[in-house]
Structure formats: C-alpha cells, structure tokens
Amino acid sequence: MNMLEKLAARLHLAVALLSTWLIATSPWIAMLRQVPRHASLLDYGHVVLGFVTLLIAITYTIACTRAGRWRLYFPWLSGQFGAVGRDLGGLLHGRVPAAEGGGLFGLIEGLLLVLLVGTAATGAMWFATQGTADALAWRSQHIFAARGLVGCLVLHVITVSLHLIDFVRD
C-alpha cells in the first residue's frame, strides 16, 4: 500500500466517523439564523467538527481523484456510461456490480464525495453569513445537501455490504 492509499484510508475513516457524529447529533442542533447566545456543546461541536470535516472532505476528494482516478468516481464527466449501464443491467439479473471500474458503485461513491463536500461547504457558508438574511438560505441548502448525503451514505453502506456478502460467499 503506497503512501497516498494509506492517507486515503485514514481520511476515509475520519470522514466516516465525523459524518456519523454530525448526522447522529444533528436533531439536537438548535441553530437558525446564527449560533444561539446560549449554544450547547453540541451546537459548538457541530460547527467546529463541520469545519474539520470540510478540510478533510476536500483533502479526501483530492486523494481519491488524483492521477486520473476521477474517472472511477465521475464516469459521466468523461462520457463513460457503459459500465453504469452494464451494472444496472446486471442488477436486474441478480449480479452484484464490480467495486471498481467506473460503474454504478463508483458513481454512488462520486455522488457521496460531492454531497460530503457540498454539505460541509454549505454549512461553512451558513456560518459565514450568520446573522444575515442569507443565513437561512444557506441553512436550507445545508439541510438539503445533508439529506442527500444521508441517502447516498445509505446506498454506499448497502453496496459495501453487498461486496462483503459476495466476498464471504466466495
């Protein structure tokens, strides 16, 4: 395992842990237009860990997409829809798509990367505009991106589980 793969593995773990904490504690976050005067530890923790997540998410995305690997996560950017189509067709016949190769699972991972960075960035913009009329719009975008992130995260967990089941079967 080379140094970039080791870094990506560590960043993946950090992103997974931070995202899980931020998502799990989000129902108790009490922020609208700005951080409240009597904010809780969860409120401050969400803001601080959100900024940490933004930095790690950007670094992780760069690590994942370097040296042409972006084609694995964003096959549609290079006009490569064949692998995604084959994977969808294979699903209809009960076949688990390949983990690599720019197919369906890579597409899901790419969307997850975009939603991760988007969620963190919209949270940062909410913080930067707090106290203004724009803050509520950024908060709304943050919530929209976070919900997409959760949905895509569920798909990611399902795809990883399918591969683990497939691995155990073999």
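Within region 111-133, the set of residues being in contact with a Lys or Arg (Cβ under 9 Å, 6 or more places away or on another chain), closer than 17 Å to ILE29 by Cα and not β-branched (Val, Ile, Thr) comprises GLY123, TRP126, GLN130, GLY131.
Checking the stated criteria, THR122 turns out not to satisfy the condition of being buried (at least 16 other Cβ atoms within 10 Å of the Cβ), touching a residue at least 24 places away in the same chain (Cβ under 8 Å) and polar (S, T, N, Q).
If only residues of region 35-60 that are surrounded by 15 or more Cβ atoms within 10 Å (Cβ to Cβ) and in contact with a Leu (Cβ under 8 Å, 6 or more places away or on another chain) are counted, the one that is nearest to MET125 (Cα to Cα) is GLY50.
Checking each residue in region 71-103 for being in contact (Cβ under 8 Å) with a residue 24 or more places away in the chain and within 22 Å of ALA8 (Cα to Cα) picks out ARG71, LEU72, TYR73, PHE74, PRO75, ALA99, GLU100, GLY101, GLY102, GLY103. For region 5-50, the tally of residues that are among the polar types (S, T, N, Q), touching a residue at least 12 places away in the same chain (Cβ under 8 Å) and assigned to a helix (DSSP H, G or I) stands at 3. Here GLY110 meets the list (1) surrounded by fewer than 18 Cβ atoms within 10 Å (Cβ to Cβ); (2) within 25 Å of ASN2 (Cβ to Cβ); (3) modelled with pLDDT of 90 or more almost entirely, failing just condition (1). The residues on offer are GLY102, GLY94, GLY131, and the sole one that is modelled with pLDDT under 85, surrounded by fewer than 15 Cβ atoms within 10 Å (Cβ to Cβ), on the phi > 0 side of the Ramachandran plot and of a type outside the set (D, E, K, R) is GLY94. Taking region 4-42 as the range and being touching a Phe, Trp or Tyr at 6+ places or on another chain (Cβ under 9 Å), within 15 Å of VAL117 (Cα to Cα) and of a type in the set (A, V, I, L, M, F, W, C) as the test, the residues that pass are LEU11, ALA14, VAL15. Checking each residue in region 51-70 for being in contact (Cβ under 8 Å) with a residue 60 or more places away in the chain and in a loop (DSSP other than H, G, I, E, B) picks out only ARG66.
The values are calculated or read from the model by the stated rules, or taken from the named source; none is laboratory data. Everything quoted here is computed from the prediction, not taken from an experiment. In this analysis, Cβ positions are derived from the backbone assuming ideal geometry, glycine residues included, and neighbour counts consider all displayed protein chains.
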